[in-house]
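Some notes on the structure that comes next.
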Amino acid sequence: MDPCSSPLSRAAFPGALSLARRRVVVTGAAGFIGSHLCERLTQLDAQVVGVDSLITGRLDNLTELMRSPAFELITCDVTAPFDVTGPVDAVLHLASPASPRDYLRLPLLTLMTGALGTLQALQLARAKQARFVLASTSEVYGDPLEHPQQESYLGNVNPIGPRSVYDEAKRYAEALTASFRRDSGTDTAIARIFNTYGPRMRPDDGRAVPAFIAQAHAGRPLTVAGDGSQTRSLCYVADTVNGLLALAASEHSGPVNIGNPEEITMLELAHHIRRLCGSSSPIGFVDLPADDPRRRCPDITLARDLLGWSPRVGLADGLARTVRWAAGPDASVPTVALSAAARS
């Protein structure tokens, strides 16, 4: 099985078949999650129009899709007006620099994509009378004072810190999406995506999983921020995609958390990935970034109750698949269980 493919059938989440033979626009189609989403949609017999500026997205992510008659790519900047000819049944808006390295390198573009890019995508959905799904983020919760985070939590965000270009772009995008629903009657929904990992993540994108894998394979120190006690809840990309599709196929407006509540400290994650890679790299420690959340874990009660969705790929399995993909098709990756500390 392809390590990035989902083990689930079409019946794995309610409403999935309602997207079959529909025409769906995906912005950010060449990105990490966007490319997996486009691939999954074509497996559901949907016709997919991908939109991407290729500033942070990669054509390599679309190599197989570009051979499919069910997929077409429009290369354009979503912050400027764009049009898609013909009918559109759904617009899934994922366009945005998403990794810390990208949004810190492209702060103004990140803010503009959250504001103008979301506006253009919403206007397309309104004109086509299509279902609109915003891919928002757990970053709207900031460094949370509530744990786990429920959708009703309003967040603890520094509006002028270096991370604010991403946090506030997504918070504004949520406000704009909610306003289109209230004022224009546009059929919208908001998904708050928690940390997602899996094949196709760039080794240099600044996120922990690909960074640790690349460092372990190269024999370099695995750089853990702070003392490594901060936690994240990591969701395998196939599960995140199925959550987005479940929301798209529903009538719910959200926001709905899409993530895996299996929480792990960054230090335990580094140790586990090092074992998976069979590496003897040391663990190194670097300064904690400004406004880095101490804990991050989703309450997914709404996703379970409203969408019938919950993640199916456990962290140990998902990390093994990701390491196997990064190492290449002929690599041997040991079966390594998460330690008791990592599961607590």
Heads up, I need the accessible area for residue 187: 1.4 angstrom probe, whole protein in place, Å², nearest 10.
70
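Mind ordering 30-43, 161-174, 98-111, 255-268 by average Cβ neighbours within 10 Å, highest first?
30-43, 255-268, 161-174, 98-111
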How do the peptides 54-62, 292-300 rank, highest first, by the average count of neighbouring beta carbon atoms within 10 Å per residue?
292-300, 54-62
Calculate, for residue 175 and residue 286, the FRET efficiency according to 1/(1 + (r/R0)^6) with r their C-beta to C-beta distance and R0 41 Å; round to the nearest 0.05.
0.75
Where labels lie 7 Å past Cα in the beta-carbon direction, separation of residue 66 and residue 225 in nm
3.3
Towards the positive end of the charge dipole of segment 228-293, with charges on Cβ (+1 Lys, Arg; -1 Asp, Glu), say which of 230, 290, 277 has the farthest Cα.
277
Round to a whole number: what % of the accessible area of segment 226-290 belongs to carbon and sulfur, probe 1.4 Å?
52
A student asked for the Cα radius of gyration and Dmax of the chain in angstrom ought to give 19.0, 58
Surrounding charge for residue 313, neighbours by C-beta under 11 angstrom, Lys/Arg +1, Asp/Glu -1, total -1
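The values are calculated or read from the model by the stated rules, or taken from the named source; none is laboratory data. The structure presented is a predicted model; accordingly, all values stated were derived computationally and were not measured. Neighbour counts run over all protein chains shown; Cβ positions are idealised from the backbone, glycine included. SASA here: full protein model, heavy atoms, side chains in, ligands and nucleic acids out. Shrake-Rupley method; radii C 1.70, N 1.55, O 1.52, S 1.80 Å.
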